[in-house]
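**Q** Here's a structure for you.
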Amino acid sequence: MVERTCENCSEKLTGRTDKRYCSDQCRSIAKNSRKTQNSGERLMKEINNKLRHNRFVLQRFSPEGKTTIRREVLQVAGFDFRHFTHLYRTRQGNTYHFCYDYGYLLLEDEKVLIVNWQPYMEQNKV
Ligand SMILES: [Zn+2]
């Protein structure tokens with residue numbers, strides 16, 4: 001006979017063979033940790049989707065990766081300014097926000113400059 005143990009605390013199980021936990025307490029602890037895990041997964045998926053969408057929007061408005069457009073245009077397309085993958089700071093002190101290989105720099109007058117990631121930028125990644 002195979003010895004069964006609690007899936008939460010590894011305590012030896014006795015009684016019914018379909019039992020997975022030694023107590024109600026262990027059952028609810030296991031259930032809660034599963035829930036927490038799932039919400040982390042969900043959050044990651046949501047953020048990944050937003051990042052992908054952001055990149056898609058940047059690419060759509062600037063396929064060549066060098067265009068100045070109004071900030072509003074990005075917003076209307078569902079661009080989410082809170083999400084980006086990394087920053088790039090130039091020597092002049094400008095900070096570009098990147099979504100994978102497309103990035104943008106906020107300009108004056110509510111305008112945005114869209115650029116492509118360049119290999120030389122790797123050195124100045126922040
Ligand atoms: Zn247990």
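**Q** Identify all residues within the range 15-33 that are more than 10 Å from the ligand (Cβ to nearest atom), open to solvent by 100 Å² or more (accessible area, probe 1.4 Å) and of a type in the set (S, T, N, Q); write none if there are none.
**A** Passing the criteria: only T17.
**Q** Is it the case that the range 34-53 has a residue that's open to solvent by 80 Å² or more (accessible area, probe 1.4 Å) and within 16 Å of the ligand (Cβ to nearest atom)?
**A** yes
**Q** When residues of the range 84-104 are filtered for being open to solvent by 20 Å² or more (accessible area, probe 1.4 Å) and either of a type in the set (A, V, I, L, M, F, W, C) or at positive phi (or both), how many remain?
**A** Just the residues of the range 84-104 that are open to solvent by 20 Å² or more (accessible area, probe 1.4 Å), to begin with: 84-87, 89-97, 100-101.
When the remaining residues are screened for being either of a type in the set (A, V, I, L, M, F, W, C) or at positive phi (or both), the result is 84, 87, 93, 100.
Total satisfying the criteria: 4.
**Q** Let me ask something else. In the range 1-12, which residues are assigned to a loop (DSSP other than H, G, I, E, B) and either touching a residue at least 12 places away in the same chain (Cβ under 8 Å) or more than 8 Å from the ligand (Cβ to nearest atom) (or both)?
**A** Matches in the range 1-12: M1, V2, E3, R4, C6, E7, N8, C9, E11.
The values are calculated or read from the model by the stated rules, or taken from the named source; none is laboratory data. Keep in mind that this is a model prediction, so the values were computed, not measured. We place every Cβ from the backbone using ideal geometry, glycine too, and count neighbours over all the protein chains shown. What goes into the accessible areas is simple: the full protein's heavy atoms, side chains included, and nothing from ligands, DNA or RNA. Shrake-Rupley method; radii C 1.70, N 1.55, O 1.52, S 1.80 Å.
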